[in-house]
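Working notes, structure below.
The values are calculated or read from the model by the stated rules, or taken from the named source; none is laboratory data. From a predicted model like this one, the values you see are computed outputs, not experimental measurements. Cβ coordinates were reconstructed from backbone atoms using ideal geometry, including for glycine residues, and neighbour counts include every protein chain displayed. Keep in mind that these areas ignore ligands, DNA and RNA; they rest on the heavy atoms of the full protein, side chains included. Shrake-Rupley method; radii C 1.70, N 1.55, O 1.52, S 1.80 Å.
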Amino acid sequence: MMDSEVPHTDLCSRVVQQLRQIRVDLLLLTEKYVEAHGLHNLTHFDFPGGNASMDSDMWAEMTMEERLRSNITAYLDFERRLMQVIEEQGDNLLQREGTLHSGLRGILRQVSALRCHLEHLGTTMGLEKELGKGIDEVDRSSGGVFERKVRGYHVLRDLEVWALRSVRDIRKLQREKGNLAIRAETSTETSEQ
């Protein structure tokens, strides 16, 4: 492998590690969330608005650059959505379930760090950072207390789906970049002979 590919490989490995940690923490947090809000029968409810529902055939046709850009956009959106959940449920959770509130804040920090690493990975691949997108604005969605609880649950579930999708994408990217580096190295060795 060429020296220039080592930082790229290390960054991919770091991102995969972050994603795995997010998935582990999400499983525990989602369990705690369901318990705290009494949402054990939530499978009977459908709540639109998730961003993890992209058709798998459509996803398969995308280039790695498009996938990486979609991942960055998704985690930027998750930051906004998690901030909304924290804001909507903050007072209620702080009074009754402080550990759940701090768990949501912890996941938000992990998602922010992950998004930064994905953006850095995009920079190493030559992707331009999209201007004008930020996470300052939080939706003030309508809905009662129950709808807000359900919305929070769906944010956590969507995040879990994206984390799994992202692990696959980053591993694929790592393999493709590794194969390109091996081909380039073989080509260099052949031309020197």
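Below, the figures for the structure above:
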quantity	calculated
Whichever residue in segment 23-68 is small (Gly, Ala, Ser) and outside any loop (DSSP other than H, G, I, E, B) and, among such residues, is modelled with the highest pLDDT	Ala36
Filter result for Arg109 (modelled with pLDDT of 90 or more, assigned to a helix (DSSP H, G or I) and surrounded by fewer than 14 Cβ atoms within 10 Å (Cβ to Cβ))	yes
Total residues in segment 69-89, condition open to solvent by 20 Å² or more (accessible area, probe 1.4 Å) and either under 15 Å from Arg168 (Cβ atoms) or outside any helix (DSSP H, G or I) (or both)	1
